[in-house]
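The values are calculated or read from the model by the stated rules, or taken from the named source; none is laboratory data. All values derive from a computational prediction rather than experimental measurement. Note that we place each Cβ from the backbone using ideal geometry, even for glycine, and neighbour counts take in every protein chain shown. These area figures cover heavy atoms from the full protein model, side chains too; ligands, DNA and RNA do not enter into them. Shrake-Rupley method; radii C 1.70, N 1.55, O 1.52, S 1.80 Å.
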Amino acid sequence: QFVAGMRDKGAGSSLAVFGKKGKAFLSRRGYSIAYSATMPATEVHQGDVRALSAFVQNAFIKGEADEVYLVYSRFISAISQRPTTTKLLPIERPEGAGSHAPADIIFQPDAKGLLDRLLPRYVDVLIYRAMAEAMASEHGARMTSMTSASNNAVEMIGDLTLTYNRVRQAAITTELTEIVGGAEALQAK
């Protein structure tokens with residue numbers, strides 16, 4: 001599941017949720033769901049990313065949200081996923097970055113025009129990455145679960161086969177004992 005949380009200092013939090021289970025879980029617990037969509041089954045679609053990105057950016061620009069966070073399962077490996085929270089908006093200046101560009105760099109278009117075009121794409125990329133990692137984490141968890149279920153089924157089949165063979169052997173032994181006992185009874189007469 002994938003969640004984008006928006007926090008407004010005055011009104012609390014509202015959530016943008018991808019996935020039916022996540023939406024149901026959070027709704028039952030009284031969280032405010034401002035946006036929801038079905039998580040794609042096989043791949044992340046740009047339309048889903050852009051819709052969520054536009055929603056959270058508009059909420060942030062209009063002042064409906066002071067901060068936006070992404071909450072998702074970060075993919076480590078097929079057997080390991082880590083819950084992760086990343087601040088999406090406002091975008092913070094990286095540590096160590098200067099406050100101004102050096103004077104000898106000329107931006108075309110100007111720096112503000114460039115940022116106005118690039119920052120929304122940056123938000124799109126962060127959302128896309130989080131959704132892709134959440135999807136990979138879910139597939140990894142399913143794969144691990146299916147492998148475990150398959151291994152358990154093989155073990156159970158082995159145990160049941162052993163039990164079946166023991167019961168069958170006991171039945172054969174009982175029949176042979178009855179036949180031998182009946183033959184001895186006939187010879188005794």
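Rundown of residues vs (1) more than 18 Å from the chain's Cα centre (by Cα); (2) open to solvent by 90 Å² or more (accessible area, probe 1.4 Å); (3) in contact (Cβ under 8 Å) with a residue 60 or more places away in the chain, yes/no style:
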| site | (1), (2), (3) |
| --- | --- |
| ILE79 | no, yes, yes |
| PRO90 | yes, no, no |
| PHE107 | yes, no, no |
| LEU114 | yes, no, no |
| ALA141 | no, no, yes |
| SER150 | yes, no, no |
| THR163 | yes, no, no |
| VAL167 | yes, yes, no |
TODO: State all residues of region 38-58 that are crowded, with 17+ Cβ neighbours inside 10 Å and under 22 Å from SER137 (Cα atoms); if no residue qualifies, say none.
DONE: MET39, VAL44, ASP48, VAL49, LEU52, SER53
TODO: Scan region 20-39 residue by residue and report those that are part of a loop (DSSP other than H, G, I, E, B), more than 23 Å from LEU89 (Cβ to Cβ) and either of a type in the set (Gly, Ala, Ser) or touching a residue at least 12 places away in the same chain (Cβ under 8 Å) (or both).
DONE: GLY30, THR38
TODO: Note down all Cβ pairs under 8 Å where the first residue falls in region 41-57 and is closer than 12 Å to VAL125 by Cα, the second is assigned to a helix (DSSP H, G or I) and among the hydroxyl-bearing types (Ser, Thr, Tyr), and they're at least six residues apart or on different chains.
DONE: VAL44/TYR128; GLN46/TYR128; VAL49/TYR128
Task: Top-ranked residue in region 1-37 [being open to solvent by less than 20 Å² (accessible area, probe 1.4 Å) and at pLDDT below 75; ranked as farthest from THR85 (Cα to Cα)] - done: MET6
Open item on the list: Can you tell me which condition THR85 does not meet? The list is (1) part of a helix (DSSP H, G or I); (2) surrounded by 10 or more Cβ atoms within 10 Å (Cβ to Cβ); (3) of a type in the set (S, T, N, Q), and all the others hold.
Closed with: (1)
Open item on the list: Regarding region 126-134, can at least one residue be identified that is in a helix (DSSP H, G or I), closer than 25 Å to GLN57 by Cβ and without any contact (Cβ under 8 Å) to a residue 40 or more places away in the chain?
Closed with: yes
- [ ] Sort out which residues of region 116-139 are within 18 Å of LEU52 (Cβ to Cβ), among the acidic types (Asp, Glu) and open to solvent by 40 Å² or more (accessible area, probe 1.4 Å), and write them in order of number.
- [x] GLU138
Open item on the list: Residue under question is LEU119, and the condition is that it be among the aliphatic types (A, V, I, L, M) and at pLDDT 85 or above; does it hold?
Closed with: yes
